[in-house]
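Chemist: Before anything else, here's the structure in question.
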């Protein structure tokens, strides 16, 4: 599948790797880059708006869309919550000439790359070490010991896929890592 207008920038990292921070910075620096709103079965948090933050769906609706192959990628997490990227949303934005940024899990990133090929840039944001990643997750104050353990176990598996990405950036110093990501995205966008 080749898009005639825009392209896709995909950021992936283990939880706590820094992809949300990098995504926000990229969106501020590139006017033609638009964030792809994901679908989820989790309930909205305070202040979240359907269609802006996520497309909130029931599990039944989400599963129907999976069966109808309406997702570019999707995943069910250990707690039962599902997340996915709707094909129609991405294709609509690409036709308008936007570059779409996806902030997805590692396997989802690789699946989207298979579909879009050279029209997708995959960037893996790697933590400097597992110890630092654990400290970042603990500092958030949002993880129980069980969820922390699950996230760290998942991170170890995800890091094994890093070499399948177009670019791997170690997020040791945030500004240095961002500079490398920004340079790659600028080059990718300008090679249209």
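All of the numbers you see were taken from the coordinates with simple rules; none came from a lab. Just so you know, these numbers come straight off a predicted model, no measurement behind them. Virtual Cβ from ideal backbone geometry, glycine too; neighbours counted across all protein chains shown.
Chemist: Could you work out how far apart the two model spin labels at residue 161 and residue 96 are, taking each label as a point 7 Å from the Cα in the direction of the beta carbon, and quote it in nm?
Modeler: Using points 7 Å along Cα→Cβ, the separation is 2.8 nm.
Chemist: Multiply the residue gap between residue 168 and residue 76 by 0.36 nm, knock off their C-alpha separation, and tell me the result in nm, one decimal place.
Modeler: Additional length available on full extension: 30.6 nm.
Chemist: At 0.36 nm per residue, and after removing the present C-alpha to C-alpha distance, how many nm does the segment from residue 45 to residue 145 gain when stretched out fully?
Modeler: Here the segment from residue 45 to residue 145 would lengthen by 33.8 nm.
Chemist: Turning to a different aspect of this structure: Starting from the Cα gyration tensor of the chain, multiply each eigenvalue by 5, take the square root, and state the resulting semi-axes largest first in whole Å.
Modeler: Details: eigenvalues 118, 102, 45 Å².
Sorted largest first and rounded, they come to 24, 23, 15 Å.
Chemist: Rank the residues 36, 147, 190 as a footprinting-exposure proxy: fewest other Cβ atoms within 10 Å of their Cβ go first.
Modeler: Values: 36 20, 147 14, 190 7.
Ranked by crowding around the Cβ, least crowded first: 190, 147, 36.
Chemist: Measuring from label point to label point, each 7 Å out along Cα→Cβ, what is the residue 183 to residue 60 span in nm?
Modeler: Rounded to a tenth, the inter-label distance reads 5.3 nm.
Chemist: Going by how many other beta carbons lie within 10 Å of each one, how would you line up 5, 89, fewest first? Don't skip to the end; give the middle numbers.
Modeler: Working: 5 13, 89 18.
So the ranking, lowest neighbour count to highest, is 5, 89.
Chemist: Another question, if that's okay. Based solely on its DSSP helices, what 222 nm [θ] is calculated for the chain when runs of n ≥ 4 H residues each add -39,500 (n - 2.57) and the sum is averaged over all residues, nearest 500 deg cm²/dmol? Each step should come with its number before you reach the end.
Modeler: On the way: 7 runs with 83 residues, N = 192.
The helix contribution divided over the chain gives -13500 deg cm²/dmol.
Chemist: Using a basic spin-label model with each label point 7 Å from the Cα along Cα→Cβ, how many nm lie between residue 131 and residue 53?
Modeler: Here the answer is 3.6 nm between the modelled labels.
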